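A.B. asks: Here it is, the structure in full.
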Amino acid sequence: LRSLLAEYKGRESVTKSGRKVNVYANIGSVPDVAYVLENDAEGIGLFRSEFLYLGRNSLPDETEQFNAYRQVLQMMAGKKVIIRTLDIGADKNVDYLGLGKEDNPAMGYRAIRICLEQPEIFKTQLRALLRAAKYGTLAIMYPMIISVEEVLDIQKIVAEVAKELEEEKLPYAIPEQGIMIETPAAVMMSEELAEHVDFFSIGTNDLTQYTLAIDRQNNRLDRFYNPHHEAVLRMIQMTVDGAHKHGKWVGICGELGADTTLTTRFVQMGIDELSVAPSMVLNVRSKICEME
Ligand code: PEP
Ligand code: MG
C-alpha cells in the first residue's frame, strides 16, 4: 500500500473534474516537519504551538518563539504554514500559568480566553509570529472562537503589536489570519465571522465534543463520541456555506479530515482544504484524485 501511495508524491490533490483541494498536514513540534516533507503535504494546516509552553517552568520568550516559527517556515520553503496560537487550559500541566484546578476545563479558562484576558502572553506570541512571517508563507489561526467580538478584540491587539514593531523598526509582516470553527456558536455565527477573517479551519475534535455534549477525553463515552453524527456533518456544511458566502476558504483540521470514508462527501460539501496527520496525506490525496 505504501508503495502504491508513493506514486501520489509530487502530484496535485485534484479531482478528475479538476477541483483542487489542498491537502496539508498537522504537526505539534518542529522535528515533525520532516514527516510533512517526507509525505509531500502541500502545507501545514495546523501547527499546534502548545509544545513551546509545555514541560517547562516559565513562559517561552519572544526570541525562542520567533526562532521556532522561523525555522518551520524556512524548512517549508514557501509552502503555507498555519500556526495556531496557544490553546492550553487547566487540562494541561502548566503550573507557571497558575490556572488552578477547574471542574470542567474543556469549557473553562483556556485558549483564546487566556490570550484575551492576559494580553501580555498573547502579544509575545503575536510579535514572534509577525516577525517570523517575513521568512515564508505564514498564516495565523485562533482557537476556540465563539463570537465576532473576540475576533475584533484580536484584531485590535494585532494592530497594537504591528504598531510596536513598526516603532521598534523590527521587520515584520501581517499574515493571513483565520479562526478555528470548533464550537457550535462559531458554526451558528459562521456567516458573520467570515466577514472578518481570511479563512476557517474546522476543529472536528472539539466540535464533536461540544455538539454532542460528549467529553472527548472520557474513554467511557467512546461509543457515543460519533463524529459521523448527522448533526456534526450538518455543522460542517453550514460552516462551508458561511465561509463561501463571503469568498473565504474553509478547511478541516480535526481528526475527521483524515477519515477517507468521508473524503468524497467533504469535497461535495465544498471543503477547500483537509489537514491531516502526515502519514495520512497520500491516502487522502489518492481519494481526491480518484473521485469525479
Ligand atoms: C480540534 O478540536 O479538532 C482540533 C484540531 O484541535 P485540538 O485537537 O488541538 O483541540
Ligand atoms: Mg480543538
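Computed from the coordinates by the stated procedures, all read-outs in this text should not be read as laboratory data. Keep in mind that what you see is a predicted model, and the values were worked out from it rather than measured. No Cβ is skipped: glycine too gets one built from the backbone with ideal geometry, and neighbour counts run over all protein chains shown.
A.B. asks: Sort through LEU221, LEU274, LEU256, LEU233 and tell me the only one that's farther than 30 Å from VAL161 by Cβ, in contact with a Phe, Trp or Tyr (Cβ under 7 Å, 6 or more places away or on another chain) and not polar (S, T, N, Q).
C.D. replies: Selected residue: LEU274, the only one of LEU221, LEU274, LEU256, LEU233 that is farther than 30 Å from VAL161 by Cβ, in contact with a Phe, Trp or Tyr (Cβ under 7 Å, 6 or more places away or on another chain) and not polar (S, T, N, Q).
A.B. asks: Scan segment 190-236 residue by residue and report those that are more than 13 Å from ligand 1 (Cβ to nearest atom) and within 18 Å of the chain's Cα centre (by Cα).
C.D. replies: Within segment 190-236, SER190, LEU193, ALA194, HIS196, VAL197, ASP198, PHE199 meet the criteria.
A.B. asks: Among GLY251, GLY257, which is within 15 Å of the chain's Cα centre (by Cα), outside any helix (DSSP H, G or I), within 16 Å of ligand 2 (Cβ to nearest atom) and in contact (Cβ under 8 Å) with a residue 24 or more places away in the chain?
C.D. replies: GLY251
A.B. asks: Right, another one. Quick check, is SER58 among the hydroxyl-bearing types (Ser, Thr, Tyr), touching a Phe, Trp or Tyr at 6+ places or on another chain (Cβ under 9 Å) and surrounded by fewer than 19 Cβ atoms within 10 Å (Cβ to Cβ)?
C.D. replies: yes
A.B. asks: Residue by residue through segment 47-65, note down the ones that are of a type in the set (Gly, Ala, Ser) and either in contact with a helix residue (DSSP H, G or I) (Cβ under 8 Å, 6 or more places away or on another chain) or in contact (Cβ under 8 Å) with a residue 40 or more places away in the chain (or both).
C.D. replies: Hits for segment 47-65 are SER49, SER58.
A.B. asks: Taking the residues in segment 244-260 that are among the aliphatic types (A, V, I, L, M) and within 17 Å of LYS20 (Cα to Cα) as candidates, determine which candidate is nearest to ligand 1 (Cβ to nearest atom).
C.D. replies: ILE252
A.B. asks: How many residues does segment 74-93 contain that are more than 15 Å from ligand 2 (Cβ to nearest atom), surrounded by fewer than 24 Cβ atoms within 10 Å (Cβ to Cβ) and touching a residue at least 40 places away in the same chain (Cβ under 8 Å)?
C.D. replies: Total satisfying the criteria: 7.
A.B. asks: Additional query: Would you mind listing the strands (runs of 3 or more DSSP E) fully within segment 136-236 where at least 2 residues are free of Cβ contacts under 8 Å to residues at least 40 places away in the same chain?
C.D. replies: 176-181
A.B. asks: Does segment 278-292 hold any residues that are part of a loop (DSSP other than H, G, I, E, B) and touching a helix residue (DSSP H, G or I) at 6+ places or on another chain (Cβ under 6 Å), and which are they?
C.D. replies: Across segment 278-292, the qualifying residue is only MET291.
Results for (1) hydroxyl-bearing (Ser, Thr, Tyr); (2) under 20 Å from ILE252 (Cα atoms), shown as yes or no for each residue.
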{"residue": "TYR8", "(1), (2)": "yes, no"}
{"residue": "SER13", "(1), (2)": "yes, yes"}
{"residue": "VAL21", "(1), (2)": "no, yes"}
{"residue": "SER29", "(1), (2)": "yes, yes"}
{"residue": "GLY43", "(1), (2)": "no, yes"}
{"residue": "GLU50", "(1), (2)": "no, yes"}
{"residue": "SER58", "(1), (2)": "yes, no"}
{"residue": "ALA68", "(1), (2)": "no, no"}
{"residue": "GLN74", "(1), (2)": "no, no"}
